[in-house]
Amino acid sequence: MKEVKENLTKKMVNWIYLLDDTALPESQMTPSYPMGVNVLLARVGGVVYAISGMCAHMACPLFTGRLEGYLITCPCHDWRFDIRTGKFLEVPELGLVTYSTKSEDGKLFININ
Ligand code: FES
């Protein structure tokens, strides 16, 4: 049983290198496409958050939006999302997929599973 759990854990955590940790300054965001997945990266308070790069409304590219604190505003129709949770502020039941990130040896990684 323990062996099965370890195998499941290994399959679920697949860290993919994104960029050097210093390449994303504080309060900045950038698009990224690990394994073809459209992701928006944003650093706030020293932490790098990763959410879907396409708006939940009509899929506009969020990296062209505005980042203010933990909020990103879509450039197309001003929907606002919390980058920590991916939630749409006006209707929290709606939102964006979020991904785990980690920094190790000066490099930034994402888990897209
Ligand atoms: S596409 Fe983002 S608010 Fe409409």
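Every number in this text was worked out from the coordinates using simple rules, so none of it is lab data. If you're wondering where the values come from, they're calculated on a predicted model, not measured in any experiment. Counting neighbours? That spans all protein chains shown, and the Cβs are built from the backbone with ideal geometry, glycine included.
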* Asked: Computed FRET efficiency, Cβ-Cβ of ALA59 and LYS107, R0 35 Å: what is it to the nearest 0.05?
  -> 0.75
* Asked: Mind listing the phi-derived Karplus ³J(HN,Hα) values for segment 86-93, rounded to whole Hz, using 6.51, -1.76 and 1.60 with θ = phi - 60°, and x for any glycine or proline?
  -> x, 6, 6, 4, 6, 9, x, 5
* Structure fact -> Sorted by chain and then number, the residues having a modelled amide H within less than 5 Å of the amide H of CYS60, at least 5 places away or on another chain, are CYS55
* Asked: For segment 31-44, in order, what is each residue's ³J(HN,Hα) by Karplus, 6.51 cos²θ - 1.76 cosθ + 1.60 with θ = phi - 60°, in whole Hz (x at glycine and Pro)?
  -> x, 8, 9, x, 6, x, 8, 7, 10, 10, 9, 9, 9, 9
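Within 15 Å, Cβ to Cβ, of HIS77, how many net charges do the neighbouring residues add up to if Lys/Arg are +1 and Asp/Glu are -1?
0
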* Structure fact -> Phi angles of segment 21-30, converted by Karplus (6.51 cos²θ - 1.76 cosθ + 1.60, θ = phi - 60°) into ³J(HN,Hα) in whole Hz with x for Gly and Pro, give 4, 6, 6, 10, x, 4, 6, 10, 9, 8
* To do: Quick one: grab the alpha carbon gyration tensor of segment 10-113, order the square roots of its eigenvalues as a ≥ b ≥ c, and give me rounded if a/c is under 1.5, else prolate or oblate depending on whether a/b is larger than b/c.
  => prolate
* Asked: By the gyration tensor of its Cα atoms, with a ≥ b ≥ c the square roots of the eigenvalues, what is the shape of segment 54-113: rounded for a/c under 1.5, prolate for a/b over b/c, or oblate?
  -> prolate
* **Under-5 Å amide H pairs with LEU19, H placed in peptide plane, nonlocal only** => LEU108
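Compute the longest continuous run of the chain that contains no exposed GluC sites (Glu not before Pro); treat a site as exposed when its DSSP state is not H, G, I, E or B and it has at most 14 other Cβ atoms within 10 Å.
Formally, the longest exposed-site-free interval is 27-89.
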* Theoretical ellipticity at 222 nm over the chain - DSSP helices of four or more residues, -39500 (n - 2.57) apiece, nearest 500 -> -3000 deg cm²/dmol
* Structure fact -> Going from the fewest other Cβ atoms within 10 Å to the most, one would list TRP15, TRP79 as TRP15, TRP79
* VAL48 long-range amide H proximity, modeled H, under 5 Å -> none
* Structure fact -> Computed over the chain: longest principal axis from alpha-carbon atoms vs helix 2-12 long axis, angle to nearest 10 degrees, is 30
